[in-house]
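Novice: Before I ask anything, let me first share the structure, which is written out below as structure tokens.
The values are calculated or read from the model by the stated rules, or taken from the named source; none is laboratory data. Keep in mind that this is a model prediction, so the values were computed, not measured. In this analysis, Cβ positions are derived from the backbone assuming ideal geometry, glycine residues included, and neighbour counts consider all displayed protein chains. Just so you know, the surface numbers come from the protein's heavy atoms only, side chains and all, with ligands and any DNA or RNA stripped out. Shrake-Rupley method; radii C 1.70, N 1.55, O 1.52, S 1.80 Å.
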Amino acid sequence: LIFTQRLVQDGRLPFDVNEEIGLIWAVGFANELSFHQFFGGVSLNVLICVPGEGIINPEDAGFQISRLETPKMSVMEAHGNILTLAWGLLAPLAIGSALLRGLFIKAGYNKLWFQIHMFLNTTVFILTLIGFIMAFVALNKVDADHFEKTDETSHQLVGLIIMILVFIQVTNGIFRPHLPPAESENVEPRNDSSNGDDASPAKGEKSLIRKIWEPSHKILGVVLLALSWWQVTTGWDTFSTLYAEEDYTYRLWAMAGTICGIIVVGKVYQVAKTD
């Protein structure tokens, strides 16, 4: 894209060659009238040629000040890598530990699957929070829109929704209703945050709230995973467009695909052994 402007032109303000010339730019992602997502400017000193004297300001000429108003690329790449790791590797592993808990129990590690599940989910929450803060601060530094609903801010809005839902999911997991105690225990229901009462089959009737909690916890987990995969995919696409860099979405699918494949094989093995 080449833009040409005369220093003096009818109907327009003239450029003062004795002062810095300010040039501004803006970029959006849609053709509708809206606030530009990224914008900035540069200052330009021109070469002045005086008859009999020649060029009088060769050292000062050229672009002097750059005010690039896009988030720093290294920060946004780190943001993408952190969330790709969280939702492409750790979250599927957390889900897999729950789906394959029968293998842990059969091997005598009744509590291990639950401890892995809790640890990985907590780590996903922490990494998601870190990634969220990184993006928020980076956009805030360039005065970009955060959560005002426009075509350009859908990624930010979905990120906010994911952040809220993952907080609810982790909190819901910590304060979940407990299973009834096993027959061998004639004491009050155990606090499974320390003992892992979800690690082994419980005896007795589950409470109504527990019956409601179990499917809702699973459904929210699936929704979160789907939203996050969409978010990471569109995020890397935006990163590639904005910075003219490689689209790193393949990192997500390489990790998620490998883990999902292992889970499927493990589940088939688990069912076969049960039969």
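Novice: Would you pick out the residues in region 254-271 that are in contact (Cβ under 8 Å) with a residue 40 or more places away in the chain and open to solvent by 60 Å² or more (accessible area, probe 1.4 Å)?
Specialist: I262, K267, Y269
Novice: Does P71 meet the test of being modelled with pLDDT of 75 or more, in a loop (DSSP other than H, G, I, E, B) and under 36 Å from the mean Cα position of the chain (by Cα)?
Specialist: yes
Novice: What's the total number of residues in region 146-155 that are open to solvent by less than 30 Å² (accessible area, probe 1.4 Å) and either at pLDDT 65 or above or touching a strand residue (DSSP E or B) at 6+ places or on another chain (Cβ under 7 Å) (or both)? Write out each step before concluding.
Specialist: We begin by selecting, within region 146-155, every residue open to solvent by less than 30 Å² (accessible area, probe 1.4 Å); these are 152-153.
Pick out the ones that are also either at pLDDT 65 or above or touching a strand residue (DSSP E or B) at 6+ places or on another chain (Cβ under 7 Å) (or both) and you get 153.
Adding up the residues that qualify gives 1.
Novice: Have a look at D237, D197 and point out the one that is at pLDDT below 95 and open to solvent by less than 60 Å² (accessible area, probe 1.4 Å). If you could, list the steps in order and put the result at the bottom.
Specialist: Details: D237 fails: open to solvent by less than 60 Å² (accessible area, probe 1.4 Å).
Result: D197 is the single residue among D237, D197 that is at pLDDT below 95 and open to solvent by less than 60 Å² (accessible area, probe 1.4 Å).
Novice: When you check E245 against the structure, is it at pLDDT below 95, within 30 Å of P71 (Cβ to Cβ) and assigned to a loop (DSSP other than H, G, I, E, B), yes or no? Break it down stepwise before answering.
Specialist: Working: at pLDDT below 95: yes; within 30 Å of P71 (Cβ to Cβ): yes; assigned to a loop (DSSP other than H, G, I, E, B): yes.
Against the criterion (at pLDDT below 95, within 30 Å of P71 (Cβ to Cβ) and assigned to a loop (DSSP other than H, G, I, E, B)), E245 qualifies.
Novice: Take region 244-253 and flag every residue that is touching a residue at least 24 places away in the same chain (Cβ under 8 Å) and over 11 Å from G80 (Cβ atoms). First the steps, then the outcome.
Specialist: Going through region 244-253, the residues touching a residue at least 24 places away in the same chain (Cβ under 8 Å) turn out to be 245, 248, 251-253.
Within region 244-253, just W253 meets the criteria.
Novice: Looking only at region 75-121, count how many residues are farther than 22 Å from F136 by Cα and either open to solvent by less than 50 Å² (accessible area, probe 1.4 Å) or in a helix (DSSP H, G or I) (or both). Outline the logic, then answer.
Specialist: Filtering region 75-121 down to residues farther than 22 Å from F136 by Cα leaves 89-121.
Checking the rest, the ones that are also either open to solvent by less than 50 Å² (accessible area, probe 1.4 Å) or in a helix (DSSP H, G or I) (or both) come to 89-106, 112-121.
Adding up the residues that qualify gives 28.
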